[in-house]
Amino acid sequence: MTIVETISQAKLAFRRQFGLEPAYGAAAPGRVNLIGGHVDYHNGLVLPLAINRYSIVLGARTNTRQGRFYSTHCNELIEVDLVNPIPAESPTWANYVSGVVAGLLHRGLELPGFDAVLHSEVPVGGGLSSSAALEVSVATFLESISDTKLDKVDKARLCQQAENEFVGVPCGIMDQFASVFGEKDRLIKLDCRSQEVDLIAWPGDKVSVLIVDSNSPHQLVDGAYAERKKQSSEALRKLGFDCYRDLTLDILIENRDCLNSVEYLRARHVVTEIARANSCVHAIQVGDWESAGRLLAESHESLRDDYEVSCLQLDQLVEISRDIGIEGGVYGARMTGGGFGGCVILLVRAEQAQPVSEMILARYLSRSGIQASAFVTVPSRGAFAFTPQEYLP
Ligand code: GLA
């Protein structure tokens, strides 16, 4: 599905729901992270790209003081308080929206009344940041309808805060940054300590990013994500450091006795993963795909064994990819996103992407009994506002 088709579907839904034409539009992509798993909330280095799957918001001003959103995914209409929004028990998706509204009001924005439709092509629960895409698309839509422009870093932080405070997921800043800063044919090197973004050229003619969804959905709200964050933060505190960027593997090993075994493993993952992300950036810049692929494989092992955020299905997909190997066109694979289900990401030789994808789906089906889905993605444009009339029909 192209973005134009997604926008057309959203337009149809808007007309059906509200009986008029939308006047404002915004799009924000999901993301996939190449390397740097579970280090964004520890001031680490991450390497995501915005994917060509978008969350779309279309809307029109009304003469009311109400802000209404209709979700095509949930087939549900909600009204958001435009004066003092607070988190609600249900529906949970409303909290992503009201969290963003709260952030904008907090920055002094005055929002007019509106009716809007939310329509997303980012798979929910697949580890591709459907949440960040939703938040950033809503923020971009509200910027547009209130004729304001937020600073990009501030917009990403506002959306992260919505997720932290209204949804209750203590996520880092990677997903929202990727959705805001994404660019066509560029990877996003994000230094989560300085919050600086460097765009890295992506040679899509040589290598493809293949995403395979295990079709075992994840759920970050259930506490395991927060628990990992707590354990690794506690390890850092016990070692007497404020920031993981200042901790080396040597210091960690020397001071192993200060930590319990779980804390040691969690800290080892964070320290080594930041180093791997650094090396991977270098490997990509010099076109050393074998090294980049090996780093992905090591990242997966660390997430599986030290951070314990993988699951049987993700491990199976990574094993199948490893068995296909470089001869078959696979440089490397790892789980991506929060984990416990969701997707794996593979670096594959561009001309072999299609056969690799078919082979993985077939072998995974016979091993797990689950029909996975796969698609090749390209680094895509980050959030943008548009005029719906420019898109036909
Ligand atoms: C989720 C979070 C991100 C990040 C990843 C793991 O996607 O939203 O902030 O922590 O997990 O890398």
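Data for the structure
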item	result
Rounded FRET efficiency, nearest 0.05, which uses the C-beta distance separating L392 from A224 and R0 of 45 Å	0.50
Rh by Kirkwood over Cα pairs, then Stokes-Einstein D for the chain at 1.306 mPa s and 10 °C, µm²/s	74 µm²/s
Listed residue (N278, S146, S368) projecting farthest to the positive dipole end of the chain, Cβ model	S146
For the range 261-274, 3J(HN,Hα) per residue [Karplus equation, 6.51 cos²θ - 1.76 cosθ + 1.60, θ = phi - 60°, Hz, x = Gly/Pro]	5, 5, 4, 4, 4, 4, 5, 4, 4, 4, 5, 6, 5, 5
Value of D in µm² per second that Stokes-Einstein yields for the range 226-298, Kirkwood Rh from Cα pairs, at 4 °C (1.567 mPa s)	99 µm²/s
Principal axis dimensions, largest first and in whole angstrom, of the range 1-103 by Cα	46, 35, 21
Principal axis dimensions, the range 53-196 - Cα atoms, whole angstrom, descending	43, 31, 28
Neighbour-count order for E89, E234, E163, E79, fewest beta carbons within 10 angstrom listed first	E89, E79, E234, E163
Cβ-based exposure ranking for C243, C192, C343, in which fewest neighbours within 10 Å come first	C243, C192, C343
Loop-located trypsin sites (Lys or Arg not before Pro) in the range 56-158, at most 14 other Cβ atoms within 10 Å (DSSP)	R65, R107, K149
Computed label-point distance, nm, for sites R15 and T248 using a 7 Å Cα→Cβ extension	6.5 nm
Theoretical gain in end-to-end length, V262 to A275 [0.36 nm per residue, Cα-Cα removed]	2.6 nm
Hz values of 3J(HN,Hα) by residue in the range 143-158 - Karplus curve (6.51, -1.76, 1.60), Gly and Pro given as x	4, 5, 6, 9, 6, 10, 9, 7, 5, 5, 5, 5, 5, 4, 5, 4
Euclidean distance of C-alpha centroids, the range 281-339 and the range 105-161, integer Å	32 Å
Spatially proximal lysines relative to K238 (Cα-Cα < 23 Å; intrachain offsets below 8 disregarded)	K229, K230
Gain in span if fully extended, S373 to A88, counting 0.36 nm per residue against the direct Cα distance	99.3 nm
R61/E165 FRET efficiency (R0 35 Å; Cβ-Cβ; nearest 0.05)	0.80
V356, V348 arranged by Cβ crowding within 10 Å, fewest neighbours leading	V356, V348
C343 long-range amide H proximity, modeled H, under 5 Å	S214, T336
Residue-count net charge about A372 - beta-carbon cut-off 14 Å; Lys, Arg +1, Asp, Glu -1	-2
Sequence-distant lysines (8 or more away, or on other chains) whose Cα lies within less than 26 Å of K206	K184, K189
Length released on extending from V286 to E79, taking residue separation times 0.36 nm less the Cα-Cα span	69.4 nm
Against the rule of thumb 2.2 N^0.38 Å, how large the Cα Rg of the range 272-311 comes out	1.19
Dipole axis of the chain (+1 Lys, Arg; -1 Asp, Glu on Cβ), positive-most option in G328, P91, F114	F114
Electrostatic dipole magnitude of the chain [Cβ: Lys, Arg +1; Asp, Glu -1; Cα centre; debye, to 20]	460 debye
Debye equation applied to the C-alpha atoms of the range 136-180, log10 I(q)/I(0) at 0.18, 0.26, 0.29, 0.32 Å⁻¹	-0.49, -0.91, -1.04, -1.15
Distant-in-sequence amide H partners of F114 (H built 1.01 Å from N, under 5 Å)	T62, Q66, G67, R68
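Just so you know, all these numbers are worked out from the coordinates, no wet-lab data involved. Given the structure is predicted, the values throughout are model-derived calculations rather than measurements. Methodologically, a virtual Cβ is constructed for each residue, glycine included, from the backbone with ideal geometry; neighbour enumeration extends over all protein chains shown.
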